[in-house]
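Here, each number is a calculation from the coordinates, and none is a lab measurement. Just so it is clear, the model here is predicted, and its values are computed rather than measured. For neighbour counting, all protein chains shown are included, and Cβ atoms are generated from backbone atoms with ideal geometry for every residue, glycine included.
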């Protein structure tokens, strides 16, 4: 028996919105410690790694490990049927063909159940090597989303250059070029508005806008985003999900031909 | 000219 309950479906709704652009199908691996998803997009350029810890749920029970293949499009449609304040419960038997989503309104007067067929998927798990990153930048997630959106108008790629002074995003295309520099905040009263740079060595890397603009769909999950970069390795773009877990996106850089 | 690199080059399939 697997059962996981969240007091408010808003978190799960946001998680689905944050992955649906990149993934069509994904395996949800459920164990005593929580729910994990690790899946690449079809082009094998980016990877989504989602971790929801069991202690972050209001109720969590997982008698035996389960790997449930889910269609992300269908799951997104089902989550859109829930109000943000509804309680959501995921339920499955031990060798499931289906998963049930149960939405209960706050006043308990409305109870909705949606059953979704599971799909068989080949499990291809990637081992992500431990990496010491040359630059780790924490910045407001809305600012990052804004910069990705704005610079996407100029080119199909954004170059991120990080040094002790700050972080610079730039894009160039047929119509011109653009760059946005953010300095490290000296002393921000509000943690959420801070730009913090932890730099060992300066880095300069180029990434496709299309993927960055998919990652920033996670913006509603967290006020801050963490970007970890080293030369010639994938970018890690991380959003904390409240007290329950995190979503990490990995993106292969664009390299010189 | 830049080309898009692939993730599987960096990560090991386990």
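Things worth noting here:
- For the pair residue A:185 and residue A:200, the difference between a 0.36 nm per residue extended length and the Cα-Cα distance amounts to 3.6 nm.
- Inter-site label distance for residue B:13 and residue A:210 at 7 Å from Cα along Cβ, in nm: 2.2
- With R₀ fixed at 41 Å, the C-beta to C-beta distance from residue A:174 to residue A:65 puts the FRET efficiency at about 0.20.
- Computed over chain A with a Gaussian network model linking Cα atoms closer than 10 Å, the most mobile of A:43, A:82, A:145 is A:43.
- For the range A:140-257: relative contact order, % (alpha-carbon pairs under 8 angstrom, 6 or more apart): 24
- Taking A:232, A:174, A:63 in turn, the Gaussian network model of chain A (Cα-Cα springs below 10 Å) assigns the largest fluctuation to A:174.
- Shape of the range A:119-257, Cα gyration tensor, a/c cut at 1.5: rounded
- With respect to chain A, whose longest principal axis is taken over its alpha-carbon atoms, helix A:141-152 is tilted by about 60°.
- Based on Cα contacts under 8 Å between residues 6+ apart, the range A:1-152 shows a relative contact order of 26 percent.
- With both labels modelled 7 Å from their Cα along Cα-to-Cβ, the residue A:114 to residue A:193 distance reads 3.8 nm.
- Residue A:163-residue A:123 FRET efficiency (beta carbon distance; Förster radius 51 Å; 0.05 resolution): 0.80
- Most mobile listed residue (A:68, A:132, A:40) in chain A, GNM with C-alpha springs under 10 Å: A:132
- For chain A, the mean residue ellipticity at 222 nm estimated from helices alone is -4000 deg cm²/dmol, where every DSSP H run of n ≥ 4 contributes -39500 (n - 2.57) and the total is divided by all residues, rounded to the nearest 500.
- Based on Cα contacts under 8 Å between residues 6+ apart, chain A shows a relative contact order of 21 percent.
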